[in-house]
1. Picking from F506, F493, which residue would you name as being aromatic (F, W, Y) and either at pLDDT below 60 or in contact with a strand residue (DSSP E or B) (Cβ under 8 Å, 6 or more places away or on another chain) (or both)?
2. How about the range 418-431: which of its residues are open to solvent by 10 Å² or more (accessible area, probe 1.4 Å) and under 16 Å from L478 (Cα atoms)?
3. In the range 160-234, which helices (runs of 4 or more DSSP H) lie fully inside it and hold 3 or more residues that are modelled with pLDDT under 95?
4. Kindly establish whether S444 is open to solvent by 10 Å² or more (accessible area, probe 1.4 Å), out of contact with any Asp or Glu (no Cβ under 7 Å at 6 or more places or on another chain) and among the polar types (S, T, N, Q).
5. If you check A122, A95, which single one turns out to be farther than 30 Å from V189 by Cβ and either out of contact with any strand residue (DSSP E or B) (no Cβ under 6 Å at 6 or more places or on another chain) or outside any loop (DSSP other than H, G, I, E, B) (or both)?
6. Kindly list, by first and then second residue, each pair from a residue in the range 321-347 that is without any contact (Cβ under 8 Å) to a residue 24 or more places away in the chain and closer than 22 Å to T358 by Cβ to a residue that is hydrophobic (A, V, I, L, M, F, W, C) and open to solvent by 40 Å² or more (accessible area, probe 1.4 Å), limited to pairs with Cβ atoms under 9 Å and residues at least 6 apart or on different chains.
Amino acid sequence: MESLKRKRSHLACQPCRERKRKCDGRNPCITCTEWGYDCHYEPPSSRRKAPQAPGQSAANSPAIAQSLQPDAHTPKTVESENCGLVRHLEANSGAAFVRKLGLRIDPMNAPRLNLFAWNIGARQLSSPIATASALSIVEITSLEHMKSLAQVYFDKVDPCYGFIDRYLFFDRLDLRWKSPLSPNVYDSVLAGVAAIGCLFSQRNVTISELHLVRSALSCLDTYHLSGPPSIDLLTGWTLRTIYLRMTDSPHSTWIASSTLMHLVEASGLHSESPSSVLLPAVQCDPYLGRRLVGVARHLNTWTSFDLGLSLVSFQKNELPLPILPKPGDYTAEVLGLLPVSVSLDPGRLKDETDLTSTLSKILEGTHSQPPSVLAQCNLVLCILRRIHTENIDIPPSLVEQVLGFLKKGLGCARTLVMDCSPWHQVPNLSFQILCVLLVMDTRSSLAVLPEAMQTLSLVASTYDTETMREAYGAACLLVLLHQQRRKYDVAIFTETLNIHQQNQQFTSPAQYNSPTQDSSWLEALVADFPGLQRVDLDQFLNMDMTNHLLGGSG
């Protein structure tokens, strides 16, 4: 019988000690093996009592004091860090924010998890083109048409993403048509610029645009990389990523942006330090190279945030140095937001209490053109989602500043729609602003709701794609669910006051449609309860019941 008694190990591993579980003393022990714990043992010396000096209490001894210090790698700390990481991932993602909004309003009818209005979506031809091999760029259209499309690109897109030498581009375009039988990797640049030019000049897709996209992709996919990537290859991949961000799915864009970031690192273009034997820097204009790296990181960062996936970082994890502005160009404004954007990386668990000051600083920034304002607005919305996740209150004055800025963003979105400039932020921010207004749920925020819906409706009617129809339907559903919940709330208030009406025989407030009408019923109620006589009725009837941002009802 003695042999059947449970044998207790004299030395238990740290996970079993913390969880007060049985340990067999092996490495790994059976408990850790079954539960998937990281089995490890403390050195015997760390648990041995240190000699105690005369007059020194046990609590003050160095060994005990050290044992009382929290271990940075305890399971509780790791679990807390993981929860914080998940919160930040969900706060950065517009899809998670919308899904949680819907679940809060009506769990049974909430929209599914989806990046609604991430861009205008793919524009379809009435009849799809045959799946033939990609055409050479000189076979797709004429030189004159290419020049007109390139002019659209340099007028509308280059001022925001300025990383191409305009004069060199047109020189090489002329040379390409003089040598029609000499394709090279720069064809991806020529086709990429022309495809984006089509997007920004035609509301409906054309066969030429689809052929240009296919030609650019073929150049990039068939290029054999035998050394560090050239600046032509990097430029072609950057243009492809920009086009995908405005028309394709989030995952396709994330793959392309991640590929671009890896190519940038392989080229050494991101490093401002002198090149080494292992990482020779590609030869290019450093002014344009710094801009290309900034645009690449900008695209990868925000695509990763939206999907909750990892962003690509370099070994030194250095941000591109600030670029110098030039007349007619606002690339410096857009890339100037990059340091704050990268600081919101969910993997960087930081103190969230400074979000209010960060928000105020971003709102004070001066952005001159609508695409730059929308980039600023995108960052503001991300910070607002983080503030909501952390339940941080912000001053009412800052709330009013936020609402004024969101109205400015909606105005810029409508301007770009009318200008045939389908930047990805145009549909995305219209939808996300509407959702943020519902979450704020104050009188002043709901007053902006019709303008947000009008802007989204304008985008959906101008670019009649499946993506926009789905986004507009989801927006209407969210507003409808919010309205329905309010009806239920009003019914509860009415029933509650009717009980008092039956007992006190005074006029029910349910018949009054506006607080500006006769409030004698409320004055009578105050008279019945002496404790309410100190209430300022005028202030009560006109106050906004929610005095802080994103508090809402819920």
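The values are calculated or read from the model by the stated rules, or taken from the named source; none is laboratory data. None of the values given here were measured: they were computed from a predicted structure. In this analysis, Cβ positions are derived from the backbone assuming ideal geometry, glycine residues included, and neighbour counts consider all displayed protein chains. All accessible areas refer to the heavy atoms of the entire protein, side chains included, with ligands and DNA or RNA removed. Shrake-Rupley method; radii C 1.70, N 1.55, O 1.52, S 1.80 Å.
1. Values: F493 fails: either at pLDDT below 60 or in contact with a strand residue (DSSP E or B) (Cβ under 8 Å, 6 or more places away or on another chain) (or both).
The conditions single out F506.
2. Of everything in the range 418-431, just one residue is open to solvent by 10 Å² or more (accessible area, probe 1.4 Å) and under 16 Å from L478 (Cα atoms), namely N428.
3. Values: elements: 166-178, 187-199, 207-222.
Counting at least 3 such residues, we get 207-222.
4. no
5. Numbers: A122 fails: farther than 30 Å from V189 by Cβ.
From the options A122, A95, the qualifying one is A95.
6. From the range 321-347, the pairs are A332/L324; P339/L319.
Per-residue answers, yes or no, for (1) under 18 Å from L135 (Cα atoms); (2) touching a strand residue (DSSP E or B) at 6+ places or on another chain (Cβ under 6 Å); (3) open to solvent by less than 20 Å² (accessible area, probe 1.4 Å):
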residue	(1), (2), (3)
D171	no, no, no
D174	no, no, no
P183	yes, no, no
D187	yes, no, yes
A191	yes, no, yes
F200	no, no, yes
R203	no, no, no
S218	yes, no, no
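Quick grid of which residues meet (1) small (G, A, S); (2) in contact (Cβ under 8 Å) with a residue 60 or more places away in the chain:
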site: L220; (1), (2): no, no
site: H224; (1), (2): no, no
site: P228; (1), (2): no, no
site: T235; (1), (2): no, yes
site: L244; (1), (2): no, no
site: H251; (1), (2): no, no
site: W254; (1), (2): no, no
site: H262; (1), (2): no, no
site: A266; (1), (2): yes, no
